[in-house]
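The values are calculated or read from the model by the stated rules, or taken from the named source; none is laboratory data. Please read these numbers as outputs of a predicted model, since none were measured by experiment. Cβ placement follows ideal geometry from the backbone for every residue including glycine, while neighbour counts extend to all protein chains displayed.
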Amino acid sequence: MKLETGLQAIVRDGSEGLEQALDYVYGSALVQQRCIFHKLRNVSDKCVGLDRAGKKSELPQAAAVYEATSASEARARLAAFGEQWRPTQPQAVTTFEREFEQTIHYYALEGMVREVVRTTSRLERTNRELRRKLRQVGCFSSPKGAEVAVYIQVTRLNAESGQDNLVGSFALPRP
């Protein structure tokens with residue numbers, strides 16, 4: 001197995017097995033960012049007795065924690081959120097506070113688009129879009145045909161994002 005030497009960070013879910021495997025392979029040098037989207041969804045799921053309107057009032061305040069300009073500011077925003085919501089939503093606040101530090105590792109990343117690396121949502125959306133487009137084809141006559149189709153879709157997604165290699169760099173193998 002050849003390790004990816006330029007890998008700086010990985011966005012992942014809460015799977016302990018994945019965390020242990022990444023620690024084993026890459027050590028502590030790799031930044032492991034927990035997905036913020038999934039964290040906020042878990043907080044929403046723990047809201048007890050709130051209707052849809054109530055959740056719509058809580059979630060923007062929770063999401064605002066991650067709009068901080070630094071990790072210390074995010075911690076302060078979390079504390080303020082906890083003070084406001086703990087009396088009525090203790091389970092939601094406890095869920096938010098649990099492993100919070102793993103959701104703010106992206107502040108340590110220099111020169112990276114933080115909106116991209118803090119959540120797996122773009123990756124999930126990209127995979128869903130690739131599946132949708134490739135399902136239209138049905139099957140490919142050769143592996144090269146599949147590689148070209150993926151290349152075209154990744155190039156399109158990068159162009160739509162307005163940023164170079166947002167989805168990832170992808171080069172077709174040379175014959």
The range 28-40: number of residues that are in contact (Cβ under 8 Å) with a residue 40 or more places away in the chain and either β-branched (Val, Ile, Thr) or loosely packed, with under 11 Cβ neighbours inside 10 Å (or both): 2
The one condition in (1) modelled with pLDDT under 75; (2) not in a loop (DSSP other than H, G, I, E, B) that Ala92 fails to fulfil: (1)
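So, in the range 43-91, exactly how many residues are of a type in the set (Val, Ile, Thr) and farther than 20 Å from Thr103 by Cα?
2
Residues Arg122, Arg118: which one is touching a Phe, Trp or Tyr at 6+ places or on another chain (Cβ under 7 Å) and either within 30 Å of Arg34 (Cα to Cα) or at pLDDT 80 or above (or both)?
The unique qualifying residue is Arg118.
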Tabulated pairs, the range 73-86, first under 16 Å from Val48 (Cα atoms) and touching a residue at least 12 places away in the same chain (Cβ under 8 Å), second acidic (Asp, Glu) and surrounded by fewer than 18 Cβ atoms within 10 Å (Cβ to Cβ), C-beta under 7 angstrom, 6+ apart or interchain: Gly82/Glu97
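Can you confirm whether Gly54 is farther than 27 Å from Ala9 by Cβ, small (Gly, Ala, Ser) and loosely packed, with under 13 Cβ neighbours inside 10 Å?
no
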Scope the range 9-30; condition touching a Ser or Thr at 6+ places or on another chain (Cβ under 9 Å) and under 18 Å from Leu109 (Cα atoms); matching residues: Val11, Arg12
Condition broken by Tyr107, with the remaining ones in (1) among the aromatic types (Phe, Trp, Tyr); (2) at pLDDT below 75; (3) assigned by TED's automatic domain parsing to the domain that holds Gln32 satisfied: (2)
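Yes or no, residue by residue, for (1) without any contact (Cβ under 8 Å) to a residue 40 or more places away in the chain; (2) among the hydrophobic types (A, V, I, L, M, F, W, C):
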residue: Leu18; (1), (2): yes, yes
residue: Tyr26; (1), (2): yes, no
residue: Asn42; (1), (2): no, no
residue: Ser70; (1), (2): yes, no
Criterion: part of a helix (DSSP H, G or I) and either exposed (fewer than 15 other Cβ atoms within 10 Å of the Cβ) or not assigned by TED's automatic domain parsing to the domain that holds Asp45 (or both) - qualifying residue of Pro60, Pro87: Pro60
Positions within the range 125-169 being at pLDDT 70 or above and charged (D, E, K, R), in sequence order: Arg125, Arg128, Glu129, Arg131, Arg132, Lys133, Arg135, Lys144, Glu147, Arg156, Glu160
Subset tally (residues that are surrounded by 13 or more Cβ atoms within 10 Å (Cβ to Cβ) and either among the β-branched types (Val, Ile, Thr) or closer than 25 Å to Val11 by Cα (or both)) for the range 126-151: 9
